[in-house]
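Down below is the structure, laid out as structure tokens.
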Amino acid sequence: MAEGSGRRMPVSASPMPRLGDLFVRIRGGLISGVMVASYLHYGSQ
């Protein structure tokens, strides 16, 4: 799994860079989780 997949937006313009980075990490985790879940679900049939 690629950890740094996806476009990284510059967080310097955001007032809370840590919150933005956390959101990016959570969104990336959700996307990868859905991909793995769908792969396992359709792959087991």
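The values are calculated or read from the model by the stated rules, or taken from the named source; none is laboratory data. Just so we're clear, the structure is a prediction, and the values are computed from it rather than from any experiment. Methodologically, a virtual Cβ is constructed for each residue, glycine included, from the backbone with ideal geometry; neighbour enumeration extends over all protein chains shown.
Key figures for this structure:
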{"quantity": "Pairs with Cβ under 7 Å, 6+ apart, first in the stretch 19-45 and free of Cβ contacts under 8 Å to residues at least 12 places away in the same chain, second among the aliphatic types (A, V, I, L, M) and surrounded by 11 or more Cβ atoms within 10 Å (Cβ to Cβ)", "calculated": "Gly20/Val11; Asp21/Val11"}
{"quantity": "Val24 being surrounded by 10 or more Cβ atoms within 10 Å (Cβ to Cβ) and either modelled with pLDDT under 85 or more than 8 Å from the chain's Cα centre (by Cα) (or both)", "calculated": "no"}
